[in-house]
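**Student:** Quick one: the structure is below, and I'll ask about it shortly.
The values are calculated or read from the model by the stated rules, or taken from the named source; none is laboratory data. Nothing here was measured: the structure is a model prediction, and the numbers come from that model. Neighbour counts run over all protein chains shown; Cβ positions are idealised from the backbone, glycine included.
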Amino acid sequence: MDEERRLAEGAVLRRARPGDEDGIWECVRALAEYEKEPDAVEATPRDLRRALFGPRPSVFAHVVEKDARIVGIAVWFLNYSTWTGRHGLYLEDLFVYSGERRHGYGRALLEALARVCAENGYRRFEWQVLDWNESAIGFYRSVGAVGMDGWTVQRLSGDALAALAAG
């Protein structure tokens, strides 16, 4: 999906492009605040620029832009399933500013990523949601997503990651 799609209220959905990193970063910071982790964001706009637009992009994004301001984002990357033998799409962040919700922007972002999956033969479209975020869970159920009961997220970071790496 390289073309722009017109949305409600004069907004436009499009792939992220160089120059968007500040607006994307601001959305990431607002998401962290919403998720009660305002000090957890270590990434900078420069980090985002390198990941999204560097010589070997490893992360991708779609944005909703309204009045020359990014008001919504979907940041994603590819994963791979050895069971299906195909890539999948992993949604890292989906965010729309609270004042811009209820215009269909979140759904439009998910639809755009579903099209990326369909166009490329990706078999899975996955993401995580905090268990207390009932409004998001309800929204995801409304588009047909199902929870993966029986699976729990595991993470290594900080000292534990360094210790394992050191052997």
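**Student:** Mind checking which residues of the stretch 1-27 are loosely packed, with under 14 Cβ neighbours inside 10 Å and assigned to a strand (DSSP E or B)?
**Tutor:** Those that are loosely packed, with under 14 Cβ neighbours inside 10 Å and assigned to a strand (DSSP E or B): Arg6, Val12.
**Student:** Residue pairs, Cβ under 7 Å, 6 or more apart or interchain, first in the stretch 126-153 and farther than 23 Å from Arg86 by Cβ, second in a helix (DSSP H, G or I). List them.
**Tutor:** Val129/Ala136; Val129/Ile137; Val129/Tyr140; Phe139/Gly106
**Student:** Let me ask another. Take the conditions in a helix (DSSP H, G or I), over 19 Å from Gly144 (Cβ atoms), in contact (Cβ under 8 Å) with a residue 24 or more places away in the chain and not basic (Lys, Arg) and apply them to Leu110. Does it pass?
**Tutor:** The answer is no for Leu110.
**Student:** Take the residues in the stretch 28-78 that are more than 22 Å from Asn133 (Cβ to Cβ) and in contact with a strand residue (DSSP E or B) (Cβ under 7 Å, 6 or more places away or on another chain), then tell me which one is surrounded by the fewest Cβ atoms within 10 Å (Cβ to Cβ).
**Tutor:** Ser58
**Student:** Is it the case that Val41 is in a loop (DSSP other than H, G, I, E, B), more than 15 Å from Arg107 (Cα to Cα), modelled with pLDDT of 95 or more and not charged (D, E, K, R)?
**Tutor:** Values: in a loop (DSSP other than H, G, I, E, B): yes; more than 15 Å from Arg107 (Cα to Cα): yes; modelled with pLDDT of 95 or more: yes; not charged (D, E, K, R): yes.
When the stated conditions are applied, Val41 passes them.
**Student:** Take the stretch 100-116 and flag every residue that is surrounded by fewer than 16 Cβ atoms within 10 Å (Cβ to Cβ) and closer than 16 Å to Cys27 by Cβ.
**Tutor:** Selection gives Arg101 alone.
**Student:** I need the full set of residues from the stretch 117-167 which are surrounded by 11 or more Cβ atoms within 10 Å (Cβ to Cβ) and in a helix (DSSP H, G or I), in order please.
**Tutor:** Once the filter is applied, which keeps residues that are surrounded by 11 or more Cβ atoms within 10 Å (Cβ to Cβ) and in a helix (DSSP H, G or I), the stretch 117-167 yields Cys117, Asn120, Ala136, Ile137, Phe139, Tyr140, Arg141, Leu161.
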